[in-house]
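Here's the structure we're looking at; comments come further down.
The values are calculated or read from the model by the stated rules, or taken from the named source; none is laboratory data. Predicted model, so just to flag it, every value in this text is computed and none were measured. Heads up, the Cβs are rebuilt from the backbone with ideal geometry, glycines too, and the neighbour counts pull from every protein chain shown. Just the protein is used for accessible areas: all its heavy atoms, side chains included, with ligands, DNA and RNA removed. Shrake-Rupley method; radii C 1.70, N 1.55, O 1.52, S 1.80 Å.
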Amino acid sequence: MTILGMAGGAPLLIIALLLLIPLIALVDILGSEFTGSNKLIWVVVVILIPILGGILYFAIGRSQKIF
């Protein structure tokens, strides 16, 4: 069976993961406290460049959270 013209479910899994990264990042950002306007900046970054913004948030943004 082909999915979207491609054999197997791997492409569908990759697409789902690429959509989940920004969504999980946004949920984490909105549920956390940040200093200053860092929360707004991270939300804008993740919305404007979703995949790269989500990866950047998980790489460097999580260390900016107030616990």
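Among the residues making up segment 28-54, a single one is of a type in the set (D, E, K, R) and either in a loop (DSSP other than H, G, I, E, B) or under 13 Å from the mean Cα position of the chain (by Cα) (or both): 28.
Only one entry in 25, 59 is of a type outside the set (Asp, Glu), surrounded by 10 or more Cβ atoms within 10 Å (Cβ to Cβ) and under 14 Å from the mean Cα position of the chain (by Cα), namely 25.
When restricted to residues that are open to solvent by less than 60 Å² (accessible area, probe 1.4 Å) and either modelled with pLDDT under 70 or hydrophobic (A, V, I, L, M, F, W, C) (or both), segment 11-22 contains 2. The combined condition, being in a loop (DSSP other than H, G, I, E, B) and either modelled with pLDDT of 90 or more or of a type outside the set (Asp, Glu) (or both), is not fulfilled by residue 61.
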